[in-house]
Amino acid sequence: MTDGRLETAPAARPIGRFAPSPTGELHFGSLLAALASYCDARQRNGVWQLRIDDIDGPRSVPGSADAIQRSLESHGFQWDGPILWQSHRIERYHAALAALIDKQLVFACNCSRRSLPAGQIYPGHCRNQLVTLTPVADHALRLHMLGKVEFTDAVQGLQQFDLSLDVGDSIVWRRDQLVSYALACAVDDADNVTHVVRGADLLEGTGAQLGIIKALDLRPPEYAHLPVAMDVNGDKLSKHSKAPPIDEFEPLTTLAQAWQALGQIDIEASSVTEFWSQAISHWQMARVPRVRRITV
């Protein structure tokens, strides 16, 4: 690493992934990430994994993981190997947390959300409460973020984070004794993935994940953060905003719309199979709009 730049390791075969949370059905914004990551991996003759980020049990919606799989299958996505579930990797997250504790980088924090200024970086009130074991009742565990990280995003360009000023001490284990999304995602991507393609709404969170990867001495993947799909009212298409699910009965139309939204050259296809053959051949990450948001 030089001046905060984390070196990525060459893999025998590129590995991409699509990692939805099971909190609702697949919508058009998620389809953009799935399509781009799929084309990117397949064009590299790589592996494409489907990972269900289901560590937040209270937010998971019963049946949504199955619905996501059906939507992907109806649109012709073919993932490699078994579906990966974050809920099956809790031991790995405990091991990562233990490694951070051994480095004396983790402290217990009992600050409530209401006690912290909204939208501001955590000010470090509890940093003197270093922990030597877990769990700590009624406390979240935070990682003391140190140094800087930078990377060149394939869509958004050079990204630089001063971890203490721009990110702050990230929660790695929640007060309710669940692993944080930041820790789980950082470990999963560093362990198993070489290329992460996802929405630009997660770009700031990438700084925290890189801080965790750096603290664990792991190798980060390469990143591409796509523009986020917005509706005509300027609202992000999301499960929270009740964005409609993609139409499983008109997959070719939906895929063509997603392809166009990502700025790709016109292709003609009369079937889903033909679409993917054309799309993988003609995919160009360089054509994706270099913006944070697009209206669809």
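Rule-based calculations on the coordinates, nothing more; no lab input. Given the structure is predicted, the values throughout are model-derived calculations rather than measurements. Every residue, glycine among them, receives a Cβ derived from its backbone with ideal geometry; neighbour counts consider all protein chains shown.
Percent relative contact order of the range 1-144, based on C-alpha pairs within less than 8 angstrom and at least six residues apart?
Numbers: 166 pairs, mean separation 29.5, N = 144.
Relative CO of the range 1-144 lands at 20 percent.
What is the log10 of I(q)/I(0) for the chain, computed with the Debye formula using one identical point scatterer on each Cα and no solvent, at q = 0.16 Å⁻¹?
Taken in order of the listed q values, log10 I(q)/I(0) reads -1.38.
I need the calculated FRET efficiency for the pair D66 and D217, taking r as the beta carbon distance and R₀ as 25 Å, to the nearest 0.05. Mind dumping the intermediate values first?
Working: r = 37 Å, r/R0 = 1.50.
Computed FRET efficiency for D66 and D217 comes out at 0.10.
May I ask you to compute the full-extension gain from Q257 to L116, defined as 0.36 nm times their residue separation minus their alpha-carbon distance, rounded to one decimal in nm? Don't jump to the answer; show the numbers that get you there.
Numbers: separation 141, 0.36 × 141 = 50.76 nm, distance 4.20 nm.
That pair, Q257 and L116, stretches by 46.6 nm at full extension.
Could you please rank T295, T194, T206, T23, placing first whichever residue has the fewest other Cβ atoms within 10 Å of its Cβ? Don't skip to the end; give the middle numbers.
Numbers: T295 11, T194 23, T206 27, T23 17.
By the 10 Å Cβ count, ascending: T295, T23, T194, T206.
For each of E274, E150, count neighbouring Cβ atoms within 10 Å of the residue's Cβ, then give the residues from fewest to most. Provide the component values of the computation, followed by the final result.
Numbers: E274 14, E150 17.
Least crowded to most crowded, the residues run E274, E150.
Would you list S60, S71, S112 from fewest to most Cβ contacts within 10 Å? It would help to have the intermediate numbers written out before the result.
On the way: S60 18, S71 23, S112 9.
Ascending Cβ contact count within 10 Å gives the list S112, S60, S71.
Distance between the C-alpha centers of the range 216-290 and the range 140-209? Whole Å please.
23 Å
Express in nm, to one decimal, how much length is gained between A12 and R290 on full extension, taking 0.36 nm for each residue of separation and deducting their alpha carbon distance. The partial results should precede the final answer.
Details: separation 278, 0.36 × 278 = 100.08 nm, distance 2.95 nm.
Gain on stretching A12 to R290: 97.1 nm.
Give, rounded to the nearest 20 debye, the magnitude of the charge dipole that the chain has about its Cα centre when Lys and Arg contribute +1 at Cβ and Asp and Glu contribute -1 at Cβ. Please list the in-between numbers first.
On the way: 28 positive and 34 negative charges, 142 e Å.
Here the chain has a charge dipole of around 680 debye.
R17's amide H: which non-local residues (gap 5+, or another chain) put their own amide H closer than 5 Å, with H modeled 1.01 Å from N in plane and none for Pro or chain starts?
Those qualifying (amide H under 5 Å, at least 5 residues apart or on another chain) are Q49, V197.
In the chain, which Cys residues have no partner Cys with a Cβ closer than 4.7 Å?
Lone cysteines by the Cβ rule: C39, C111, C185.
So for the chain, averaging the separation of alpha carbon pairs under 8 Å that are six or more residues apart and normalising by length, what relative contact order in percent results? Before the final figure, lay out each step's value.
Working: 526 pairs, mean separation 68.1, N = 296.
Relative CO of the chain lands at 23 percent.
Can you compute the FRET efficiency between Q78 and N128 using 1/(1 + (r/R0)^6), with r the Cβ-Cβ distance and R0 = 51 Å? Round to the nearest 0.05. The partial results should precede the final answer.
Numbers: r = 52 Å, r/R0 = 1.01.
Working from the Cβ atoms, E equals 0.50.
Compute the FRET efficiency between D176 and W85 as 1/(1 + (r/R0)^6), taking r as their Cβ-Cβ distance and R0 = 25 Å, and round to the nearest 0.05.
On the way: r = 19 Å, r/R0 = 0.78.
Result of the calculation: an efficiency of 0.80.
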